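Notes follow once the structure below has been shown.
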Amino acid sequence: MDPASQALAQTLPPNVRRTYAALAAHSDVRAQGQQYLTPLEEKGFAQHLIRAANFGFPWRIKDIPSLAFSIARRRSPAKAIKPPNKNWPQAFAKRHPELARRKHRAMDWNRHDKNIYDKAT
């Protein structure tokens, strides 16, 4: 039996309404056929974003859908593919928690006088 059928057959705790969303969340089944990128493409895309951020070139959230669109176009160039919808980046970030934004500390105000002044003059 496939995972989706197993999820439909299982029981939920008594305080949870029996909906498809609740069954999918409780059994950790995802609709991979409806995802914009395949799971393998998503994994590679997430690794690329992490690698770029580690090298000091983080991607802006508004540029991520256009990159995903270019990946999807390479998969099937003859078929007309629509760009991802406006909520796709947030769902992508939920599926890949390793992409969480890093908080950067502000530069120390005393740093300017100690290190940069001699280099600039």
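Rule-based calculations on the coordinates, nothing more; no lab input. Quick caveat, the model's predicted, so the values are computed rather than measured. No Cβ is skipped: glycine too gets one built from the backbone with ideal geometry, and neighbour counts run over all protein chains shown.
Things to note:
- Placing pseudo-labels 7 Å out from each Cα toward the beta carbon at Arg60 and Asn87 gives an inter-label distance of 2.5 nm.
- For the pair His96 and Thr19, label points projected 7 Å from Cα toward Cβ lie 2.8 nm apart.
- Estimated distance in nm for a label pair at Arg74 and Ala9, the labels positioned 7 Å out from Cα along Cα-to-Cβ: 4.0 nm
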